[in-house]
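Below: the structure, in structure tokens.
The values are calculated or read from the model by the stated rules, or taken from the named source; none is laboratory data. Model, not experiment: these values are computed from the prediction. Note: ideal-geometry Cβ built from the backbone for every residue, glycine included; neighbour counts use all protein chains shown. For the accessible areas, the whole protein counts, side chains as well, though only heavy atoms, and no ligand, DNA or RNA atoms are used. Shrake-Rupley method; radii C 1.70, N 1.55, O 1.52, S 1.80 Å.
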Amino acid sequence: MPIIKHSSRVLAENNDRIGVREIVDKQDGAASLKLTEVIMDPGSEYGLHTHPTEQVVTVLGGSVQMGLDGEVQTLRRGYTFLAPPGVTHALVN
């Protein structure tokens with residue numbers, strides 16, 4: 001069972017307003033889970049995309065617009081959202 005220090009993982013710049021850090025994935029022994037930290041500046045957008053596994057989005061600060069299959073909802077600090085596998089979704093901060 002690996003213990004992972006988040007700061008030991010590279011924070012890659014997805015673009016100039018979004019940072020992405022892969023925390024847990026298959027390399028760590030996860031069979032069907034991937035945990036990614038995404039840091040979004042105000043006004044940034046993580047466009048339409050899908051995942052082969054379920055994805056959980058938890059808002060730790062601020063708020064984000066979550067678009068899922070054409071429906072948009074606002075998630076604020078303290079909210080979590082579950083995106084089923086293969087479902088198209090997007091995030092706008």
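Quick check: anything in segment 64-76 within 12 Å of the chain's Cα centre (by Cα), at negative phi and at pLDDT 85 or above?
Yes; the residues of segment 64-76 include at least one that is within 12 Å of the chain's Cα centre (by Cα), at negative phi and at pLDDT 85 or above.
Can you give me the number of residues within segment 32-42 that are modelled with pLDDT under 85 and loosely packed, with under 15 Cβ neighbours inside 10 Å? Let's see the steps before the verdict.
Of all residues in segment 32-42, those modelled with pLDDT under 85 come to 32-34.
Right, trim to loosely packed, with under 15 Cβ neighbours inside 10 Å and you get 32-33.
Residues in segment 32-42 being modelled with pLDDT under 85 and loosely packed, with under 15 Cβ neighbours inside 10 Å: 2 in total.
How about segment 43-60: which of its residues are open to solvent by 50 Å² or more (accessible area, probe 1.4 Å) and either assigned to a loop (DSSP other than H, G, I, E, B) or in contact (Cβ under 8 Å) with a residue 24 or more places away in the chain (or both)? Spell out how you get there, then give the answer.
Our first condition is that a residue be open to solvent by 50 Å² or more (accessible area, probe 1.4 Å); within segment 43-60, this holds for 43, 45-46, 48, 50-52, 54, 56, 58, 60.
Within segment 43-60, 43, 45, 46, 48, 50, 51, 52, 54, 56, 60 meet the criteria.
Of the conditions (1) surrounded by 11 or more Cβ atoms within 10 Å (Cβ to Cβ); (2) under 22 Å from residue 15 (Cα atoms); (3) out of contact with any helix residue (DSSP H, G or I) (no Cβ under 8 Å at 6 or more places or on another chain); (4) free of Cβ contacts under 8 Å to residues at least 40 places away in the same chain, residue 92 fails just one. Which one is it?
All conditions are met except number (4).
Please go through (1) under 14 Å from the mean Cα position of the chain (by Cα); (2) closer than 20 Å to residue 77 by Cα for residue 25 and return the number of the only condition it doesn't satisfy.
Failing condition for residue 25: (2).
Across segment 77-89, which residue is modelled with the highest pLDDT among those that are assigned to a loop (DSSP other than H, G, I, E, B) and open to solvent by less than 80 Å² (accessible area, probe 1.4 Å)? Working first, answer last.
Here is the first cut: in segment 77-89, the residues assigned to a loop (DSSP other than H, G, I, E, B) are 77-79, 84-88.
Keeping just the survivors that are open to solvent by less than 80 Å² (accessible area, probe 1.4 Å) gives 78, 84-88.
On the way: 78: 93, 84: 86, 85: 88, 86: 90, 87: 89, 88: 90.
For segment 77-89, the residue satisfying everything is 78.
Checking the structure you have, find out if any residue of segment 31-39 is free of Cβ contacts under 8 Å to residues at least 24 places away in the same chain and farther than 19 Å from residue 81 by Cα.
So the first thing to find is which residues in segment 31-39 are free of Cβ contacts under 8 Å to residues at least 24 places away in the same chain, and the list is 31-36.
Retained after the next criterion (residues that are farther than 19 Å from residue 81 by Cα): 31.
Within segment 31-39 (the criterion being free of Cβ contacts under 8 Å to residues at least 24 places away in the same chain and farther than 19 Å from residue 81 by Cα), the answer is yes, since at least one residue qualifies.
Out of (1) assigned to a strand (DSSP E or B); (2) without any contact (Cβ under 8 Å) to a residue 12 or more places away in the chain; (3) surrounded by 13 or more Cβ atoms within 10 Å (Cβ to Cβ), the odd one out for residue 19 is which?
(2)
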